[in-house]
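Remarks on the structure that follows.
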Amino acid sequence: YAKTTDYSFKILNAFLGFVGLSLVGYILIYLSPVKTGQIVSKVSASPTEFLKSFAVGAAILLLVPLPLFLLGLTLVGIPLTILVIAILVFLTTFGTIYVESALGGEILELFGTKEYRPYKGLLTGRVLTTLMSLVPIFGIFYSLVISSTAVGAVVRMKKDYFDKAKKVSKKKKK
């Protein structure tokens, strides 16, 4: 008895994911256009920026689980563990919207669109991600790269904010 794959379920799942995350993405871009631009620049400003974001995100996603597990063994650490896991799940789910917008913007630029179009970029990136999710093994690898890059880009953007805040507080003390 050979195992058969029900592609109608996969296609329906991909379509619902496309529509749902597209709507969430449009809302996120509308509500925080400046933050979207900053995160997108951490991904698409140069290949070096992309690789830095990917490396930081991959390091976080690979190195954080063991300390979280150990922290979760203590009574005091359980709430902190749950909080950090929730943040990582949020970033890997919704942070991909920013990376998809950046990739879509790069694709649009290859086809001649020069100005920054976050909504068209998101649509293009979501189509790419949806199509990649239908490819059996490569889709998983693609999702891991996108999720790692999303986590890294957001962490790098937040680090820049903290560095600017430190500079401002040092200037006020002088």
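The values are calculated or read from the model by the stated rules, or taken from the named source; none is laboratory data. In this text, all values refer to a predicted model and were calculated from it rather than measured experimentally. Neighbour counts run over all protein chains shown; Cβ positions are idealised from the backbone, glycine included. SASA here: full protein model, heavy atoms, side chains in, ligands and nucleic acids out. Shrake-Rupley method; radii C 1.70, N 1.55, O 1.52, S 1.80 Å.
If you go through region 1-60 and keep only what is of a type outside the set (A, V, I, L, M) and not in a helix (DSSP H, G or I), you end up with Y1, K3, T4, T5, D6, S32, S46.
Residues that are more than 18 Å from G95 (Cβ to Cβ) and open to solvent by less than 60 Å² (accessible area, probe 1.4 Å) within region 111-124 comprise G112, T113, listed in sequence order.
I need a count of the residues in region 125-168 that are open to solvent by 60 Å² or more (accessible area, probe 1.4 Å), among the β-branched types (V, I, T) and under 12 Å from the mean Cα position of the chain (by Cα). Qualifying residue count for the region: 0. Return the residues of region 6-39 that are open to solvent by less than 70 Å² (accessible area, probe 1.4 Å) and closer than 14 Å to R126 by Cβ; say none if nothing qualifies. Across region 6-39, the qualifying residues are A14, G17, F18, V19, G20, L21, S22, V24, G25, Y26, L28, I29.
Here the condition is being β-branched (V, I, T) and in contact with an Asp or Glu (Cβ under 8 Å, 6 or more places away or on another chain); of V76, V43, it holds for V43 alone.
If you take the residues of region 107-120 that are in a helix (DSSP H, G or I) and free of Cβ contacts under 8 Å to residues at least 40 places away in the same chain, which of them is nearest to G25 (Cα to Cα)?
Within region 107-120, the first condition is being in a helix (DSSP H, G or I), and the residues that meet it are 107-110, 118-120.
Pick out the ones that are also free of Cβ contacts under 8 Å to residues at least 40 places away in the same chain and you get 107-110, 120.
Numbers: I107: 18, L108: 18, E109: 20, L110: 22, K120: 11 Å.
Looking at the filtered set, the residue picked out is K120.
When region 51-68 is filtered for residues that are over 12 Å from the mean Cα position of the chain (by Cα) and open to solvent by 60 Å² or more (accessible area, probe 1.4 Å), the ones remaining, listed by number, are L51, K52, L62, L63, P65, L66, P67.
Screening L83 against (1) in contact with a helix residue (DSSP H, G or I) (Cβ under 8 Å, 6 or more places away or on another chain); (2) modelled with pLDDT of 90 or more leaves a single unmet condition, (1). Remark: pairs (first residue in region 145-174, closer than 15 Å to T93 by Cβ and at pLDDT below 90; second residue of a type outside the set (S, T, N, Q) and exposed (fewer than 11 other Cβ atoms within 10 Å of the Cβ); Cβ separation under 8 Å; 6+ apart in sequence or on different chains) are absent.
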